[in-house]
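Single-structure report; data block below.
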Amino acid sequence: MWLTKGSDRTAKREMMKKIELFTIGFTEKNAEKFFSLLKNSGVKKVVDVRISNTSQLAGFARKDDLPFFLNTIGNIGYEHVLEFAPELEMMKAYRNKKFSWNEYEKKYLALMKKRNVDKIFPADYYDGSCFLCSEHEPEFCHRRVLAEFLKMEIPGIEIIHLM
C-alpha cells in the first residue's frame, strides 16, 4: 500500500499512543467516593505529589494507610514522588498570602523546569497514573500545573481530573 505524505502523517498520529494522566484531591470526598473514582476510572497507580503525606485531615490518605487501601480496594499501586512536590517555604508563603496564586504557579512551574521533572520518568510511566494532592478542585492546585507542564513536554498526554 502506498501512502502520500499527508496520509503518512495521519497514520503516525493514529499510531501515537494516548496517555491518560489523572489527577485527584482527597478533600471533600469520603473514602467511598475517593476509592470509587480511582477504581472506576481505571487508575493503575497513585502518584502522591504532596510535600508531606503523614498528617492529613483524611485518615485514608495518610502514607501508612493509603497504599494498603489502594491495593486492597482496586489493585492500584502507590508512589510518593517528592520531586513533584512544591518546596515547603513556597507553599507556606502562598498559604500566608505573601504572593498570589499566579505567582505561586509561576514559581512552582519554574521549580519543575529546574528539576527537569519531564525527564524523571519515561512517557509510559504516566499512562494510568493519578497525581494526588489535597485540594478538591484542580484549578488552584499544583497537581494541575504539573499535569499541564508534562502535557506540553510529553506527546500524547490527556489530563483527566477526577472529581
| note | Scanning the range 134-158 for residues that are part of a helix (DSSP H, G or I), free of Cβ contacts under 8 Å to residues at least 60 places away in the same chain and not acidic (Asp, Glu) gives 145, 149, 152
| said: Residues that are in contact with a Ser or Thr (Cβ under 8 Å, 6 or more places away or on another chain) and either part of a loop (DSSP other than H, G, I, E, B) or among the basic types (Lys, Arg) (or both): does the range 95-102 have at least one? | reply: no
| request: Would you check if there is a residue in the range 106-115 being closer than 29 Å to residue 60 by Cα, under 17 Å from the mean Cα position of the chain (by Cα) and assigned to a loop (DSSP other than H, G, I, E, B)? | output: no
| query | Among the listed residues 140, 99, 131, 68, which satisfies the condition of being more than 14 Å from the chain's Cα centre (by Cα) and closer than 24 Å to residue 36 by Cα? | reply | 68
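Laboratory data are not the source of any read-out in this text; all were calculated from the coordinates shown. Worth saying up front: this structure is predicted, and the values here are computed from it rather than measured. When we count neighbours, we look across all protein chains shown, and the Cβ atoms used for this are built from the backbone with ideal geometry, even at glycine.
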